[in-house]
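The values are calculated or read from the model by the stated rules, or taken from the named source; none is laboratory data. As the structure is a computational prediction, the values presented were derived from the model and not from experiment. Cβ placement follows ideal geometry from the backbone for every residue including glycine, while neighbour counts extend to all protein chains displayed.
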Amino acid sequence: MSELTATQAFLILNALPDIGPITTNRLLAAFGDDPRRLFEASAAELEAVKGVGPKISANLRGWRELFDLAKEEQRLAQAHATFVARTDPGYPPLLRELADAPLGLYRRGEYDFGAPCVAIVGSRRTTLYGQAVAKKLGHDLARLGFCVVSGLARGIDTCAHEGALEAGGRTAAVLGTGIDIIYPPENLKLYQRIEESGGAVLTEFSFGRRADKQSFAMRNRIVAGMCRAVIVVESDVSGGSMITAKFAAEQGRLVFAVPGRIDQPSSAGCHQLIRDGATLLTSVDDVLGELDYLEGFGPAGVAPIAEKAAPGSAASSPAAANLTPDEARVFACFAGGAILSSDALVGLTGLPSPTLSATLLMLELKRLVARRADGAYEAR
């Protein structure tokens, strides 16, 4: 039996050259989905798998000459990072569904992707309008409990991450480099804030990998693959965000585009996406309206988003919304059109503040209450 653990085997496979995801999947299927067996098999056994020739079998059998496992594990420890294999619980669940899903992800930060993810991407060369929209969308989505995903790049990506952090929510940055390389370098503090706030910094690349066109394209497929929806805020027609949108469409994800000025080059890509069938986005409500169900959201499992309903209708009642006892208790406080602060609701319901906050969030997701600009809440 191999002395390697399954995670170590995936770490090695992830770093070996000349073995793509399709061939790797064939090998794993042929050897009982146990990556350790690939390093124990003979050349003949390996080459019996379709697509595996002498070069790949030689790389697997001679992996110690190509990859220093001890050194990589030492780097992980020094960086306070972990390697999350595709079979691990902390691996983004939607990403696992892709045919070319990474075998694993280097991760800094403790976020385990228990909530749905939405990506916000766009141009590095932005307008003030685009920056404001990206920050507001990041803020609003994070406040509703989504994890906001982007690529830590200049411009729209940075604003999306910052908006989520300002809301006190979760955000994940997917890198096109090794996890030890911060690009662009001016985003070092943002990188640290994401990790310290309970979010995550992710990459599929080994330590020391520098950015190039191929690595950014590979990063974009991860951004799209781990999310239920991708929002493009600003992009020209040949921008990297268009590649992310293309991946999202191919992977069956929702694609949204924010309209802009018709004479602004940074809006040309968004307008093309809208012409090609992307959903025009004007607010976070457009995302909520398209995502009928947030599967896997939080410990409750499946949290449906209710349709908008007129006050007093059957669809707006607690029974129709299938509320928990705490949700029903809080929702009842809004009878008669009451507008209430969090402090007032604590007094009325007797719920602890953390429980009340979580309950209000679920009522917002179910479209039964809304938070006003002044911070108070009212029934929809």
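Please go through segment 159-187 and give me each residue that is under 22 Å from Gly239 (Cβ atoms) and crowded, with 24+ Cβ neighbours inside 10 Å, ordered by number.
Listed by number, the residues that qualify are Cys159, Ala160, His161, Gly163, Ala164, Thr171, Ala172, Ala173, Val174, Leu175, Gly176.
Has segment 52-69 got any residue that is within 25 Å of Glu195 (Cβ to Cβ) and either assigned by TED's automatic domain parsing to the domain that holds Glu250 or touching a Leu at 6+ places or on another chain (Cβ under 8 Å) (or both)?
yes
So in segment 36-51, with the set limited to residues that are within 12 Å of Thr24 (Cα to Cα) and not in a loop (DSSP other than H, G, I, E, B), which one is nearest to the chain's Cα centre (by Cα)?
Looking at the filtered set, the residue picked out is Leu38.
Confirm whether Leu76 is out of contact with any Leu (no Cβ under 7 Å at 6 or more places or on another chain) and at pLDDT 95 or above.
Yes: the conditions hold for Leu76.
Which residue out of Asp112, Asp33 is farther than 21 Å from Phe207 by Cβ, out of contact with any Lys or Arg (no Cβ under 9 Å at 6 or more places or on another chain), assigned by TED's automatic domain parsing to the domain that holds Glu195 and not aliphatic (A, V, I, L, M)?
After ruling out the rest, the residue left standing is Asp112.
Any residue at all in segment 61-80 that is among the acidic types (Asp, Glu) and not in a helix (DSSP H, G or I)?
Checking segment 61-80: at least one residue is among the acidic types (Asp, Glu) and not in a helix (DSSP H, G or I).
Could you grab me the full set of residues in segment 5-60 that are among the hydrophobic types (A, V, I, L, M, F, W, C) and touching a residue at least 40 places away in the same chain (Cβ under 8 Å)?
Correct list: Ala6, Phe10, Leu11, Ile12, Leu13, Ala15, Leu16, Ile19, Ile22, Leu60.
Can you pull out the residues in segment 57-104 that are of a type in the set (A, V, I, L, M, F, W, C), out of contact with any Ser or Thr (no Cβ under 7 Å at 6 or more places or on another chain) and within 22 Å of Leu38 (Cα to Cα)?
Within segment 57-104, Ala58, Leu60, Trp63, Leu66, Phe67, Leu69, Ala70, Val84, Leu98, Ala99, Ala101 qualify.
From Ala29, Ala6, Ala99, which residue is touching a strand residue (DSSP E or B) at 6+ places or on another chain (Cβ under 9 Å) and surrounded by fewer than 18 Cβ atoms within 10 Å (Cβ to Cβ)?
Ala6
Only one residue in Tyr106, Tyr129, Tyr111, Tyr183 is modelled with pLDDT of 95 or more and aromatic (Phe, Trp, Tyr). Which one?
Tyr106
Among the aliphatic types (A, V, I, L, M) and free of Cβ contacts under 8 Å to residues at least 40 places away in the same chain: does that describe Ile231?
Against the criterion (among the aliphatic types (A, V, I, L, M) and free of Cβ contacts under 8 Å to residues at least 40 places away in the same chain), Ile231 does not qualify.
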